[in-house]
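S.K.: Before I ask anything, let me first share the structure, which is written out below as structure tokens.
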Amino acid sequence: MSTQKLNIKDLTVVNFPSDVARSLALNIMNRHFKHTPNEEKLKLISTVLEQPESYVGHSTLGILALKLVSKTLSNDSFNVFQLSDEPKHFDVFGNKHIETNALKQMELVMRLPIAEKGALMPDAHQGYGLPIGGVLATKNAVLPYGVGMDIGCRMALSILDLPGSYVEHHAYELKKVLHDETHFGNDGGLESRQEHDVLDHPDFQLTDLLRRLRGKAIRQLGSSGSGNHFVEFGIVSLEKSNNLHLPKGNYAAILSHSGSRSLGANIAQHYTNIAMSKCKIPREAKHLAWLDLDSEEGNEYWIAMNLAGEYAKACHDRIHKNLCDALGLSVLSRVENHHNFAWREKLYDGNEYVIHRKGATPAAEGVLGIIPGSMTAPGYVVCGLGNESSLNSAAHGAGRKLSRQKAKNTITVSALKKVLQSEKIILIGGSPEEAPVAYKDIDLIMKSQTTLVNVEGKFHPRIVRMAKD
């Protein structure tokens, strides 16, 4: 591909705020965008000039964006904050299961000036921003990275009007329908157009960002992401007395785990960049930048986050409906919950807080939820006890014991196949990164949160579909 070079004359069509900005743009384009046509370079420069806050975190355009932000923002449009010398108190559940890095990460979170209350769940491990399994309460402020990139990442369980033995006796049909009616991966979607009311949600028209993202959201509706996202058939065993109001016994069931796809990821990145440009905090905590919910940007993020949550739910709705329609099945009961989200909630002191649960399950008194294990270990249907110390939260799964990279380097495909065969699990797709040994023991995690949830039943996976890589 030929190299195209911009010169000063080419830039006369662009209105720069200063000569310094013009020189920076010229240098960046000719160094990092050598093979991009000049017309596209000029369009990109114009976009950065119009929306510099959206590019503050960009690997190459960030320098120009920061220069523009510092030039265009008035002195009172951003604030400089310092961290407290000591973290505020936060309760830890299942301390012996939690790595030091996650504890240190939570300590950093609790040094933020907006941190009011916090808790760490027994499946916690290191993440970006808040640790996975971290719960944070603030007042009228939201951290985009406290919610996470996969906004509204969600569990959904459909208990079917069939005995558990149906799964064992119809393995071939269930495997085929999982293959035909689900889609995994970061790109593409289902072959047939998916319909859902969420696509006509008026909030898609509220901002330029949401209008731009709607097209891809339409294409990805009803699909699942990569990593630990899954759709599986299995058997639910319910206790004698349960809050689902179903008789004790074994039922065929569908369990899915995925989030808001590209919609949530783009919202998260966009508003994290804005937060980082407006909220100046020490470098080690920069990804913990927040937005005031009374600000225009904070209000926009809150609307976009809630829309992404509705979209994540819609994806699960379509997944379950497509599978049930293909097999002619009916649903007795549905249990579902987010575990990457922020809620406005009143706590025990009577005050309203913004509760961030990043990899944590809502567990207010009487609230049902699902806590999965692994592709071989059971998941748990639970009912919250409303524990004040956990900020009405519980674990969201077993939690990783090995990082994805470490699992990839140490677990072979043949070793994974042996485990699956011994446990009689059929796997479509998947990879050693998600092997059962990469996760903590879900039973030990559950024993560490008996004060947070009651167990209503167990889900035993049998036929699992995940992304290949």
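S.K.: So what's the angle, to the nearest 10 degrees on a 0 to 90 scale, between helix 296-327 and the longest Cα principal axis of the chain?
M.R.: That helix lies at roughly 40 degrees to the long axis.
S.K.: So what J values fall out for the stretch 383-391 if you push phi through Karplus, 6.51 cos²θ - 1.76 cosθ + 1.60 with θ = phi - 60°, rounded to Hz, Gly and Pro as x?
M.R.: After applying 6.51 cos²θ - 1.76 cosθ + 1.60, I find 10, x, 9, x, 6, 5, 5, 8, 6 Hz.
S.K.: Okay, moving on. Starting from the stretch 177-225, pick out the trypsin sites (Lys or Arg not before Pro) whose DSSP state is loop and whose Cβ has at most 13 other Cβ atoms within 10 Å.
M.R.: ARG193
S.K.: Let me ask something else about it. Measure off 7 Å from each Cα along the Cα-to-Cβ vector at LYS418 and ARG334, then give the distance between these two points in nanometres to one decimal.
M.R.: With each label placed 7 Å out from Cα toward Cβ, I get 4.2 nm.
S.K.: Go ahead and estimate [θ] at 222 nm for the chain from helices alone: -39,500 (n - 2.57) per DSSP H run with n ≥ 4, summed, over the residue count, rounded to 500.
M.R.: Dividing the helical sum by the residues of the chain leaves -10000 deg cm²/dmol.
S.K.: Per-residue counts of other Cβ atoms within 10 Å, averaged by peptide: what ranking do you get for 228-235, 241-248, highest first?
M.R.: In descending order of packing, they fall as 228-235, 241-248.
S.K.: Next up: Highest first, please rank the peptides 417-423, 118-124, 158-164, 436-442 by the mean number of other Cβ atoms sitting within 10 Å of their residues.
M.R.: Top of the packing list down: 118-124, 436-442, 158-164, 417-423.
S.K.: Computed from the coordinates I sent, Cα extents along the principal axes in Å equals one of [x] 66, 57, 52; [y] 67, 57, 47; [z] 75, 54, 46. Tell me the label.
M.R.: [z]
S.K.: Related question: Once Lys and Arg get +1 and Asp and Glu get -1 on their Cβ, which of LEU327, SER54, TYR251 lies farthest toward the positive end of the dipole of the chain?
M.R.: Comparing the listed Cα positions along the dipole, SER54 ranks first.
S.K.: Given 0.36 nm per residue, what is the gain on full extension from LEU246 to LYS34 after removing their alpha carbon distance, in nm?
M.R.: 69.9 nm is the gain from fully extending LEU246 to LYS34.
S.K.: On C-alpha positions alone, give me the angle between the axis of helix 100-109 and the longest principal axis of the chain, in degrees, nearest 10.
M.R.: Between the helix axis and the principal axis of the chain, the angle is about 50 degrees.
S.K.: Give me the angle, in degrees from 0 to 90, between the Cα long axis of helix 19-32 and the longest principal axis of the Cα atoms of the chain, rounded to the nearest 10.
M.R.: For helix 19-32, the angle is close to 50 degrees.
S.K.: So between GLU310 and ASN95, what do we pick up on full extension, going 0.36 nm a residue minus the alpha carbon distance?
M.R.: Taking 0.36 nm per residue and subtracting the Cα distance, the gain is 74.0 nm.
S.K.: Calculate, in nm to one decimal, what ASP443 and ASP187 gain on full extension: separation in residues at 0.36 nm each, minus their alpha carbon distance.
M.R.: Full extension of this stretch gives 88.7 nm more.
S.K.: Something else: Rounded, prolate or oblate: which one fits the stretch 8-72, using the alpha carbon gyration tensor with axes a ≥ b ≥ c (rounded when a/c is under 1.5, else prolate when a/b beats b/c, else oblate)?
M.R.: Note, shape of the stretch 8-72 comes out oblate.
Throughout, read-outs are computed from the coordinates displayed, never taken from laboratory work. This is a predicted model, so every value here is computed, not measured. Using ideal geometry, Cβ is built from the backbone for each residue, glycine included, and neighbour counts are taken over all protein chains shown.
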